[in-house]
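See structure below.
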Amino acid sequence: MGSMTDFLELELLDHVLRNEAFTSPTTVYIGLFTAAPGEAGGGTEVSGGSYARQAIAFDAAASRTAANTALITFPVATANWGTITDWAIFDAVTTGNMLWYGVFDTSIVVNIDDEAEIAAGDIDLTASAAGATDFLVHKLIDHSVGTASYTAPTSVFAALFTTATTDAGGGTEVTGGSYAREVIVFDVAAAGATDNSVNDPFPTATADWGTITHAAIMSLVTGGDMLFHAALTDSRTINNGQNSKFNAGDLDITLT
């Protein structure tokens, strides 16, 4: 199972929440490692002996994961490559940025004259990304590996709910009483996370809104797609004449 690197997490968060362009790569490449990379990159990639990264394509994401579509064959080794334990996905055939990384279920030893292969479906990219909706997770996986690009919203908006939201969306959003979603401005992502940078007040209620239990980040001021959601740590009842707001730093968004 593959995980996002820190680089990719930050690029995707800023792409979605700050409308900062992260161009979907035309082609991505898989590299083989004899020592594990991690979220910060690193690891020991094979070198020499006719080794070269290979282009890899993925199925459209579903159920919060995507797998490689076809058999991948590496060049015949002209020297011993060593014991292959890990893999990584890059946006370039040499150097470039590491996007995803993972561990092979079974290590393989590649010696001179061997030809390493990866079967279709053996490389899985999975985003747990608690709080991100299924819709967004699928869009981001596909965008990150060039399966399909995702156009980020120009602005994002906080919405309030009186019943539970889920990864599939849903929930009962407040209506009436002068309720309106509030535009949210997020800080530049760092350490795989971001939060709202300023106080974000909603309109003063002109009727009872009920007990607010959940919140979501939406792509439009009305309608649109639910991107992130969560239960409030302290539910609140908003009655006629009362105000509600998210203070700076209240909305923490993380990708994993």
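The values are calculated or read from the model by the stated rules, or taken from the named source; none is laboratory data. Since the model is a prediction, treat every value here as computed from it, not as a measurement. Counting neighbours? That spans all protein chains shown, and the Cβs are built from the backbone with ideal geometry, glycine included.
Got a sec? Which of Thr126, Thr211 is assigned by TED's automatic domain parsing to the domain that holds Asn68, of a type in the set (Ser, Thr, Tyr) and touching a residue at least 12 places away in the same chain (Cβ under 8 Å)?
Among Thr126, Thr211, only Thr126 is assigned by TED's automatic domain parsing to the domain that holds Asn68, of a type in the set (Ser, Thr, Tyr) and touching a residue at least 12 places away in the same chain (Cβ under 8 Å).
Looking only at region 110-159, which residues are of a type in the set (S, T, N, Q), over 15 Å from Leu8 (Cβ atoms) and either over 19 Å from the mean Cα position of the chain (by Cα) or not in a loop (DSSP other than H, G, I, E, B) (or both)?
The one that is of a type in the set (S, T, N, Q), over 15 Å from Leu8 (Cβ atoms) and either over 19 Å from the mean Cα position of the chain (by Cα) or not in a loop (DSSP other than H, G, I, E, B) (or both): Asn111.
Within region 119-140, work out how many residues are touching a Leu at 6+ places or on another chain (Cβ under 7 Å) and surrounded by fewer than 21 Cβ atoms within 10 Å (Cβ to Cβ).
Counting residues in region 119-140 that are touching a Leu at 6+ places or on another chain (Cβ under 7 Å) and surrounded by fewer than 21 Cβ atoms within 10 Å (Cβ to Cβ) gives 2.
So that you can scan it fast, the table gives a plain yes or no per residue for (1) crowded, with 17+ Cβ neighbours inside 10 Å; (2) under 30 Å from Ala40 (Cβ atoms); (3) not small (Gly, Ala, Ser):
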| position | (1), (2), (3) |
| --- | --- |
| Thr165 | yes, no, yes |
| Gly169 | no, no, no |
| Ser178 | no, no, no |
| Arg181 | yes, no, yes |
| Pro201 | no, no, yes |
| Thr206 | no, no, yes |
| Gly210 | yes, no, no |
| His214 | yes, no, yes |
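Could you check how many residues of region 171-184 are in a strand (DSSP E or B) and within 17 Å of Arg236 (Cβ to Cβ)?
2
Residue-by-condition table, conditions (1) closer than 20 Å to Val103 by Cβ; (2) buried (at least 18 other Cβ atoms within 10 Å of the Cβ); (3) in contact (Cβ under 8 Å) with a residue 40 or more places away in the chain:
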residue	(1), (2), (3)
Leu10	no, yes, yes
Phe33	yes, yes, yes
Gly42	yes, no, no
Tyr51	yes, yes, no
Ala66	yes, yes, yes
Ile72	yes, yes, yes
